[in-house]
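The values are calculated or read from the model by the stated rules, or taken from the named source; none is laboratory data. Fair warning: this is a prediction, and the values are worked out from it, not measured in the lab. Glycine gets a Cβ as well: all are built from the backbone with ideal geometry, and neighbour counts include every protein chain shown.
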Amino acid sequence: MRTKVIAGNWKMNMTPSQARELLAKIVDGCNTESCDVIFCPPFIDINLALEKVNGTNISIGAQNVHFEENGAFTGEISATMLAEIGVEYVIIGHSERREYFAETDEIINKKVKKALEKGLKPILCCGETLEQRERGIEVDFIRQQIKVALYSVSACEMKNVVIAYEPIWAIGTGKVATSNQAQEICKAIRDTLCEMYNVEVAQSVRILYGGSVNGSNAAELFIKDDIDGALVGGASLKEDFINIIKAV
Ligand code: PGA
């Protein structure tokens, strides 16, 4: 039985004072043993978020990491830096990073490997555009994203990887995928893991759905066999995030 994961991706929202206010409202409602809860705030809020969740079951994730160890990479953050302060997860391969910051599957693979090497758990994102879905090539496209992103990641390391299926057309649009559409792709991802590794790995990796998840649509997604939780954007900035956790 896989423990569900509810992760909040705050994106570029919440100044430190706003973050403090939000955390004061939601931390108690998010401190649950029924699922793994992760907040992924901007870097500048990470320390205060770590302090705020101290003594709870909630984990903290970053939204990005560089693939090099350290050095002349102005503006970047290393996996070692994140691990040292107690960050547990890192979102890698989000469609916004792919689109606005030109991240390729190869770069994403390097980030996944560096994160794992330094003890961080990647939340690896994948997902198709509306055009790809209309052309009927979404499964092939996502299989390719997964295969390249996980190239040379071992079966043992897969224990620390979470995958998030986020159709680009559903992100921030209010247009949630139907639970059948989400289930179909999460199952295709699990089948891909089975081909790449084995049944045990495929059955143990948590695969989340992301894209306009909120307190009202979460429950119907979570009853599907291969959907192990959600990566939540907009609704993670509100008290509604607690309703998503309650839907588990
Ligand atoms: P959304 O974002 O919930 O606002 O659609 C999801 C995401 O980008 O992770």
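What residue, of VAL112, VAL87, is under 18 Å from LEU231 (Cβ atoms), assigned to a helix (DSSP H, G or I) and not hydroxyl-bearing (Ser, Thr, Tyr)?
VAL112
Within segment 122-145, how many residues turn out to be within 18 Å of ARG190 (Cα to Cα) and not in a helix (DSSP H, G or I)?
8
Consider LYS113 carefully, then state whether it is away from the ligand (no atom under 16 Å from the Cβ), closer than 24 Å to VAL148 by Cα, out of contact with any His (no Cβ under 9 Å at 6 or more places or on another chain) and of a type in the set (Lys, Arg).
For LYS113, the condition - away from the ligand (no atom under 16 Å from the Cβ), closer than 24 Å to VAL148 by Cα, out of contact with any His (no Cβ under 9 Å at 6 or more places or on another chain) and of a type in the set (Lys, Arg) - is met.
So if I check each of ALA230, ALA247, ALA235, which one is touching a helix residue (DSSP H, G or I) at 6+ places or on another chain (Cβ under 7 Å), crowded, with 20+ Cβ neighbours inside 10 Å and over 23 Å from ILE92 (Cα atoms)?
Just a single option satisfies the conditions, and that option is ALA247.
Would you be able to say whether some residue in segment 46-68 is touching a residue at least 60 places away in the same chain (Cβ under 8 Å), of a type in the set (Val, Ile, Thr) and either closer than 26 Å to LYS224 by Cα or within 16 Å of the ligand (Cβ to nearest atom) (or both)?
Within segment 46-68, none of the residues are touching a residue at least 60 places away in the same chain (Cβ under 8 Å), of a type in the set (Val, Ile, Thr) and either closer than 26 Å to LYS224 by Cα or within 16 Å of the ligand (Cβ to nearest atom) (or both).
If you check GLY233 against the conditions, is it at positive phi and under 13 Å from the mean Cα position of the chain (by Cα)?
Considered against the rule, which asks whether it is at positive phi and under 13 Å from the mean Cα position of the chain (by Cα), GLY233 comes out as no.
Okay, residues lined up against (1) away from the ligand (no atom under 16 Å from the Cβ); (2) in contact with a helix residue (DSSP H, G or I) (Cβ under 6 Å, 6 or more places away or on another chain); (3) part of a loop (DSSP other than H, G, I, E, B):
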position	(1), (2), (3)
TRP169	no, yes, no
GLY174	no, no, yes
ALA177	no, yes, yes
GLN183	yes, no, no
ALA188	yes, yes, no
LEU193	yes, yes, no
GLU200	yes, no, no
GLN203	yes, no, no
LEU208	no, no, no
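Based on this model, can you work out whether ILE223 counts as surrounded by fewer than 21 Cβ atoms within 10 Å (Cβ to Cβ), without any contact (Cβ under 8 Å) to a residue 12 or more places away in the chain and aliphatic (A, V, I, L, M)?
no
What's the number of the condition TYR165 fails, among (1) within 22 Å of TYR197 (Cβ to Cβ); (2) surrounded by fewer than 22 Cβ atoms within 10 Å (Cβ to Cβ); (3) within 15 Å of the ligand (Cβ to nearest atom); (4) not small (Gly, Ala, Ser)?
Looking at each condition in turn, TYR165 falls short on (2).
Can you work out which of the residues in segment 71-84 that are assigned to a loop (DSSP other than H, G, I, E, B) and of a type in the set (A, V, I, L, M) is nearest to the ligand (Cβ to nearest atom)?
ILE77
Please work out which residue is farthest from LYS114 (Cα to Cα), limiting yourself to segment 40-70 and to residues that are part of a loop (DSSP other than H, G, I, E, B) and of a type in the set (A, V, I, L, M, F, W, C).
ILE58
Would you point out the residue of segment 210-220, among those that are on the phi < 0 side of the Ramachandran plot and in contact (Cβ under 8 Å) with a residue 40 or more places away in the chain, that is farthest from the ligand (Cβ to nearest atom)?
GLU220
Does VAL148 satisfy being near the ligand (Cβ under 10 Å from one of its atoms), of a type in the set (A, V, I, L, M) and either at pLDDT below 95 or in a helix (DSSP H, G or I) (or both)?
No.
Give me the pairs: first residue in segment 235-248 and touching a residue at least 24 places away in the same chain (Cβ under 8 Å), second residue surrounded by fewer than 16 Cβ atoms within 10 Å (Cβ to Cβ) and of a type in the set (A, V, I, L, M), beta-carbon distance under 6 Å, and six or more apart or on different chains, which are they?
Every condition considered, the pairs that remain are ALA247/ALA219.
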